[in-house]
Amino acid sequence: MEDLSLHILDIAENSINAGAKNIEIAIIEDSSKDLLTIEIKDDGKGMDADTIANVTNPFFTTRTTRRVGLGLAFLEEAANSTGGKLRVESELTTGTKVIAEFQLSHIDRKPVGNIADTIVMILAGNPEINLRYYQENNASKFLFDTNDVKKITNEIKINSIEILKFIRQYLEENVNKINK
Amino acid sequence: MTKLKIEDLDKIAEDVRRKMTIREGGGKVKITVHMGTCGIAAGARTVMSAFLNEIDIHNIKDVIITTSGCAGLCSKEPMATVEYGEQAPVKYIELNETKVKKIFDDHVLKGKFVQEYALAIGSERIQ
């Protein structure tokens, strides 16, 4: 994966496959602690203890189409290579929370990448999902919530091309400037 | 120039609403972009973005675009499946923006599948 926004898209696809209706994504940049934290939380079906224990093992997957699962393993690798770590908290029927920590200034820390594209692609393929995106750094905070969009669009599907175009432009103006 | 606010969506929603009455329902064409880890790493997001861009350029309303997971052929990603009306689904492999454009022009708009980019006709079944 070239950047962290692609990892986020990948983990969010896991959430969707786990039947999540609500997904929360947060990117917290704390330069005083030299820490970048990414959280992806869902209300999908969750995992049992055995699955959690194996979740970053590439040769463990619940899928039947093939025998390797690399998504979380890749994200853990990306975090570890900056001296950070990956944590997965999950409870059956309640949901899953993935927390990846990176040393913000580490030379191997991947760039955040295009968050606007990631969010738009999640919504384009899965209009029924409620998505909250939150980001914070020392200078600013930003929250995007699809519930705010749906209040305005009402009966119009969020994946109508005009709505997606707006969301992309809105996010590009408000998001990508904060994270490099 | 001031930044867009979420309230600015109101005008756009109003426009869409006005146009909706003349829209065709259903969805004649369904495009599924494979968004597994392998797909994403190979460029599925760019492919999906290219399809959305084509839908926008051609201003067509009867195309459904959605995502799926890994189809088990990771080395051929990015992949997408195009289903045109009642025709059999066609799976395209090793996609990029140029291929998307051609697939859109020939298959999505005209119903003629692009053989040179296709893996197979049909659809995988998960038991």
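The values are calculated or read from the model by the stated rules, or taken from the named source; none is laboratory data. Predicted model, so just to flag it, every value in this text is computed and none were measured. Cβ: placed from backbone, ideal geometry, glycine included. Neighbour counts: every protein chain shown.
Among the helices (runs of 4 or more DSSP H) confined to the range B:1-91, the ones with at least 2 residues that are over 15 Å from the mean Cα position of the chain (by Cα), surrounded by fewer than 18 Cβ atoms within 10 Å (Cβ to Cβ) and modelled with pLDDT under 90 are located at B:9-20. Look at (1) modelled with pLDDT of 95 or more; (2) closer than 13 Å to B:S49 by Cβ and you find that A:K165 fails only one, number (1).
Taking A:E24, is it within 13 Å of chain B (Cβ to nearest Cβ) and either modelled with pLDDT under 95 or closer than 18 Å to A:I122 by Cβ (or both)?
In short, no.
Taking the range A:1-92 and the helices (runs of 4 or more DSSP H) fully enclosed by it, no element has 2 or more residues that are free of Cβ contacts under 8 Å to residues at least 24 places away in the same chain and of a type in the set (K, R). Each residue in the range A:110-125 was checked for being at the interface with chain B (Cβ under 8 Å from one of its Cβ atoms) and either assigned to a strand (DSSP E or B) or in contact with a strand residue (DSSP E or B) (Cβ under 7 Å, 6 or more places away or on another chain) (or both), and 2 of them qualify. Just one of (1) within 24 Å of B:P78 (Cβ to Cβ); (2) over 18 Å from the mean Cα position of the chain (by Cα) fails for A:I8. It is (2).
The condition (being away from chain A (no Cβ under 14 Å), on the phi > 0 side of the Ramachandran plot and touching a residue at least 24 places away in the same chain (Cβ under 8 Å)) is satisfied by just one residue among B:G43, B:G72, B:G111: B:G111.
Here are some residues: A:K41, A:K85. Which one is surrounded by 15 or more Cβ atoms within 10 Å (Cβ to Cβ) and of a type in the set (K, R)? Before you say what the answer is, go through the steps one by one.
Numbers: A:K85 fails: surrounded by 15 or more Cβ atoms within 10 Å (Cβ to Cβ).
Only one candidate passes the filter, namely A:K41.
Can you confirm whether A:I99 is more than 11 Å from every other protein chain (Cβ to nearest Cβ), more than 24 Å from B:V63 (Cα to Cα) and modelled with pLDDT under 95? Taking the combined requirement at face value, the residue does not satisfy it. Taken over the range A:126-180, the criterion of being surrounded by fewer than 18 Cβ atoms within 10 Å (Cβ to Cβ) and small (G, A, S) is satisfied by A:A139, A:S140. Of all the residues in the range B:92-104, those that are under 12 Å from the mean Cα position of the chain (by Cα), surrounded by fewer than 18 Cβ atoms within 10 Å (Cβ to Cβ) and more than 14 Å from every other protein chain (Cβ to nearest Cβ) number 1.
For the range A:130-157, a residue qualifies if it is away from every other protein chain (no Cβ under 11 Å) and either assigned to a helix (DSSP H, G or I) or among the aliphatic types (A, V, I, L, M) (or both), and the qualifying residues are A:L131, A:A139.
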